[in-house]
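Undergrad: So that we are looking at the same thing, I have put the structure below in structure tokens.
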Ligand SMILES: [Zn+2]
């Protein structure tokens with residue numbers, strides 16, 4: 001279960017454009033990012049939903065099937 005990314009309104013431009021981690025704002029140019037899901041938001045009738053990315057420190061491995069079983 002990965003947390004929902006922040007809403008679009010809380011993202012900076014770099015975060016919205018996928019250049020920075022949606023959680024901490026760190027630039028992803030050096031370390032690369034992994035998908036953090038879809039950030040949702042709208043302004044008036046315009047839907048701004050967009051895929052956002054997380055840096056390695058913030059990204060929780062989404063495909064870790066089980067830990068203690
Ligand atoms: Zn981060």
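This table checks each residue for (1) closer than 18 Å to residue 59 by Cα; (2) free of Cβ contacts under 8 Å to residues at least 24 places away in the same chain; (3) in a loop (DSSP other than H, G, I, E, B); (4) over 11 Å from the mean Cα position of the chain (by Cα).
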residue: 18; (1), (2), (3), (4): yes, no, yes, no
residue: 23; (1), (2), (3), (4): yes, no, yes, no
residue: 30; (1), (2), (3), (4): yes, yes, yes, yes
residue: 36; (1), (2), (3), (4): yes, no, no, no
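Undergrad: Tally time: how many residues in the range 1-38 are more than 14 Å from the ligand (Cβ to nearest atom) and in contact with a helix residue (DSSP H, G or I) (Cβ under 7 Å, 6 or more places away or on another chain)?
TA: Of the residues in the range 1-38, 2 are more than 14 Å from the ligand (Cβ to nearest atom) and in contact with a helix residue (DSSP H, G or I) (Cβ under 7 Å, 6 or more places away or on another chain).
Undergrad: Something else: Just one of (1) more than 14 Å from the ligand (Cβ to nearest atom); (2) modelled with pLDDT of 95 or more trips up residue 69, so point out which.
TA: Condition (2) is where residue 69 drops out.
The values are calculated or read from the model by the stated rules, or taken from the named source; none is laboratory data. As the structure is a computational prediction, the values presented were derived from the model and not from experiment. With ideal geometry, Cβ positions are generated from the backbone for all residues, glycine too; neighbour counts draw on all protein chains shown.
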